[in-house]
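Peer 1: I'd like to ask some things about the structure below.
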Amino acid sequence: MAIRKIRVEGDPILYKTSKEVSAMTNRNRELIEDMLDTMYEANGVGLAAPQIGVLKRIVVIDVSEEGNEPMVLINPVIVEKDGEQTGSEGCLSVPGKHGIVTRAEHVICSALDENMKERKIEGTGLLARAIQHELDHLEGVIYTSKVEGDLMENGEED
Ligand code: NI
């Protein structure tokens, strides 16, 4: 268990495409543990491996209020999406800022869990937004490229 350094906007690794994970190794298990530790420490609702400098298609998400429902998505793919939501979004790699982004309201995501078992995750609202945001990181995309209007400082009016 370890907290890893979160890469911030401007770091070249955040703009690269991550590679598929082919097997669950001790190294990957440790990576996932560290991703969860790092996300919780930073009070985030999601973190993608490239954000801690590892170009692997692994994402962790926890949108629960208590922060005790971690989801691990390996090689995730959105297989269905519909509807639309427009709302405020932030990112641990863009500290102190937020912006308005339009995303699908509902998604179904196919992924492997930490035991490399295939699962489907269905989400609406915040979970759907988090899935779409984190999967973008695996393609080297940061939400700031999708912001409508200006990026705002936290504390500033929307
Ligand atoms: Ni992010």
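Peer 1: Cβ-Cβ below 8 Å, separation at least six or inter-chain, first residue in region 128-142 and farther than 17 Å from residue 88 by Cα, second within 10 Å of the ligand (Cβ to nearest atom) and part of a helix (DSSP H, G or I): which pairs?
Peer 2: 137/14; 137/50; 137/51; 138/50; 140/14; 140/50
Peer 1: Here is a further query. Name the strands (runs of 3 or more DSSP E) wholly inside region 28-125 in which the number of residues that are away from the ligand (no atom under 16 Å from the Cβ) and either surrounded by fewer than 19 Cβ atoms within 10 Å (Cβ to Cβ) or among the aliphatic types (A, V, I, L, M) (or both) is 3 or more.
Peer 2: Answer list for region 28-125: 71-82, 106-112, 118-124.
Peer 1: Which residues, counting only those in region 5-20, are closer than 20 Å to residue 136 by Cβ and surrounded by fewer than 18 Cβ atoms within 10 Å (Cβ to Cβ)? Show your work before the answer.
Peer 2: So the first thing to find is which residues in region 5-20 are closer than 20 Å to residue 136 by Cβ, and the list is 6-20.
Result: 7, 8, 9, 10, 11, 12, 13, 15, 16, 17, 19, 20.
Peer 1: Looking at (1) away from the ligand (no atom under 14 Å from the Cβ); (2) surrounded by 15 or more Cβ atoms within 10 Å (Cβ to Cβ), find the lone condition where residue 25 falls short.
Peer 2: Here residue 25 meets the rest and fails (2).
Peer 1: Would you mind finding the one in 97, 81 that is under 18 Å from residue 147 (Cβ atoms) and charged (D, E, K, R)?
Peer 2: Unique residue meeting the criteria: 97.
Peer 1: Among the candidates 52, 61, which residue alone is touching a Ser or Thr at 6+ places or on another chain (Cβ under 7 Å), β-branched (Val, Ile, Thr) and modelled with pLDDT of 95 or more? Can you show your working first?
Peer 2: Values: 61 fails: touching a Ser or Thr at 6+ places or on another chain (Cβ under 7 Å).
Selected residue: 52, the only one of 52, 61 that is touching a Ser or Thr at 6+ places or on another chain (Cβ under 7 Å), β-branched (Val, Ile, Thr) and modelled with pLDDT of 95 or more.
Peer 1: In addition: Show the residue pairs that are 6+ apart or on different chains and have beta-carbon atoms under 8 Å apart, the first residue being within region 55-74 and in contact (Cβ under 8 Å) with a residue 12 or more places away in the chain, the second being of a type in the set (Val, Ile, Thr) and in a loop (DSSP other than H, G, I, E, B).
Peer 2: 55/17; 56/21; 57/21; 58/21; 61/45; 62/45; 63/45; 74/21
The values are calculated or read from the model by the stated rules, or taken from the named source; none is laboratory data. All figures in this text were calculated on a predicted structure; none of them were measured in a lab. For neighbour counting, all protein chains shown are included, and Cβ atoms are generated from backbone atoms with ideal geometry for every residue, glycine included.
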